[in-house]
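To start, the structure under review is shown below, and the notes come after it.
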Amino acid sequence: MDEKIKLQEETIKRNLTILSQKDSLADEINKFASYLSKSESEEKEVTTFSQEIENLAKESSVYLIGIRPAGKTEEGISRKYSLELDFEAKIEQLFEFFYAIESSNKLIKIEIYHITPKSAESSITTCSMRVSKVIIPE
């Protein structure tokens with residue numbers, strides 16, 4: 001009888017430990033919940049990504065010349081979409097745009113960029129870049 005009681009006490013202690021960890025696990029999950037998204041069609045996800053970049057460009061006063069899809073790769077359960085961008089901006093606006101992309105609460109990253117002055121004496125630059133976004137389905 002004492003053996004059964006000890007086994008039940010151990011089981012209860014283990015269960016209490018698990019329950020105490022439940023809240024901390026829920027907090028950890030909530031930290032990363034903003035990175036999860038509902039799985040949508042490839043076309044819809046690329047369109048949404050393009051709109052996000054267009055909004056960031058507009059907020060940074062960057063003049064987008066062109067934006068086009070540059071491919072998709074899959075890694076495990078995640079998908080990575082890339083876009084090629086061409087735009088013009090003053091150097092301050094350019095860095096503001098770069099910062100807006102890199103500090104976004106979405107998983108967006110600047111992969112590569114190329115900056116050139118628009119003309120010899122102009123304060124405006126032209127830039128080509130590739131940005132990517134990782135989608136992790138819920």
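A few remarks follow.
- Whether the range 68-114 is rounded, prolate or oblate, judged on the alpha carbon gyration tensor where a/c under 1.5 counts as rounded: oblate
- Only one of (1) 49, 16, 11; (2) 21, 19, 15; (3) 23, 16, 14 was calculated from the structure for semi-axes √(5λ) of the Cα gyration tensor in Å, and its label is (1).
- Whichever aspartates and glutamates have a C-alpha closer than 12 Å to that of Lys106, once near sequence neighbours (fewer than 8 apart) are set aside: Glu52
- Sorted by Cβ density within 10 Å, fewest first, the residues Thr125, Thr47: Thr47, Thr125
- Fully extended contour minus Cα-Cα distance, from Glu92 to Lys6, at 0.36 nm per residue: 24.1 nm
- Least to most buried among Asp2, Asp86 (fewest other Cβ within 10 Å first): Asp2, Asp86
Every number here is computed from the coordinates shown, using simple stated rules; none is lab data. Predicted model, so just to flag it, every value in this text is computed and none were measured. Cβ sites come from the backbone with ideal geometry, for glycine too, and all protein chains shown count toward neighbours.
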